[in-house]
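Scroll down for the structure; my scribbles are underneath it.
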Amino acid sequence: MASDGFDTILEEPPPNEDVEEHIEHLLDAVRKGPRSVDAWILTFSLRGACRCCGYLRSRLLVARDRYLCKHGALPSKVDQDSEMMGRYREIKRGVRRFAAVKIQAAARARLARRGWTATASASPPVYQPRKRPTKMLGKLVEEVTLERQVANDSFVTLSSSAAELQREKVRLKHVLRGYVQQVQGDLKKEVGPMDLEEARPLYVLYHSIAAQLRKLEGTGAGAEKMSEEQLRQRRKDELEAEAKDLQVKLKKYEEAFVAAHGRKMKSKAEIAPVASEYARFTKVKQMLTELSQ
């Protein structure tokens, strides 16, 4: 039976036979030892080795995205392609070792030209590695999963109803909107697509769900024109789903505030982090009241 998950929408790129052949030879060199790696890279260039490493990484990322769109969660170590991951890590270690040796040799040569020696009183500059950025994708997926569990919903598929798809879409939209605001605050500027690259799988899933909703709406419009009452009920269902997700998010913030301060929020400054959500929740409740009249 064919899968009806959203992973079927994502096309898996065809393998590049030329790069695959280079990968096998480079892996053989890595397993033989550092000298063999140096000889391979000097023959095919460091750029060629990086291309092999990047190719494997891109295929691993595609597999991760497909898993997320099928299961709504990131793959565990057991679910990953262990063979491909092993090949990627072996090549990465070989490339890093070669690059490190060359960088160290270039640094020593530069320091020697400046007159620095091992016996000199001045110490050579010490490399300070940059702090790795916090991995946000896992946290974003956990947030969406938690909201889904609180709402007692299961992950959607292509066969899910329009109401289920709409609720998942609203959840993803709220989480991604918060992520954009956080990135803007960290970078102190308007963000572009590359600034949001880490959350790309969730954007892919969001747009896939939106496309499926448009498809369902188009099919329904072609089969039978919806009555005014049906349109009213569908709008009410969408607003109720949005209100439910907003309420979950606001409740989580209130509980976290009480746990941290031992009291409920009192001032506008304390509510500021979720002020937009409060305003939207109030607006949605107002629209629901109008629809119920």
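No lab work stands behind these numbers, since they all come straight from the coordinates. Keep in mind it's a predicted model, so treat the numbers as computed, not measured. As a convention, Cβ positions derive from the backbone with ideal geometry for all residues, glycine included, and neighbour counts pool all protein chains shown.
For a Förster distance of 51 Å, can you work out the FRET efficiency between the beta-carbons of LEU187 and GLU228, rounded to the nearest 0.05?
Plugging the Cβ-Cβ distance into 1/(1 + (r/R0)^6) gives 0.65.
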With Rg from the Cα atoms and Rh as the Kirkwood inverse mean 1/r over Cα pairs, region 1-96 has an Rg/Rh of 1.07
Counting pairs of alpha carbon atoms under 8 Å apart in space and at least six apart in sequence, what relative contact order in percent does the chain give?
17 percent
Quick check: pseudo-label points 7 Å beyond the Cα along Cα→Cβ at ALA260 and THR282, how many nm apart are they?
2.2 nm
Report, in deg cm²/dmol and to the nearest 500, the calculated mean residue ellipticity at 222 nm for the chain, where each DSSP H run with n ≥ 4 adds -39500 (n - 2.57) and the sum is divided by the residue count.
-24500 deg cm²/dmol
Can you list the trypsin sites (Lys or Arg not before Pro) in region 16-83 that are in a DSSP coil and have 15 or fewer other beta carbons within 10 angstrom?
LYS77
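To the nearest 0.05, what FRET efficiency results for ARG31 and VAL101 with a Förster distance of 22 Å applied to their C-beta separation?
Rounded to the nearest 0.05, the efficiency is 0.75.
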Translational diffusion coefficient (Stokes-Einstein; Kirkwood radius from C-alpha pairs) of region 131-220 at 37 °C, 0.692 mPa s, in µm²/s:
231 µm²/s
Arrange HIS71, HIS261, HIS22 by Cβ neighbour counts within 10 Å, fewest through most, would you?
HIS261, HIS71, HIS22
Over all directions, the average projected area of the alpha-carbon convex hull for the chain comes to how many nm²?
25.3 nm²
Sites ALA272 and LEU146, calculated FRET efficiency, Cβ-Cβ separation with R0 30 Å, nearest 0.05:
0.85
Find the relative contact order for region 136-292 and round it to a whole percent, using C-alpha pairs within less than 8 Å whose residues are 6+ positions apart.
26 percent
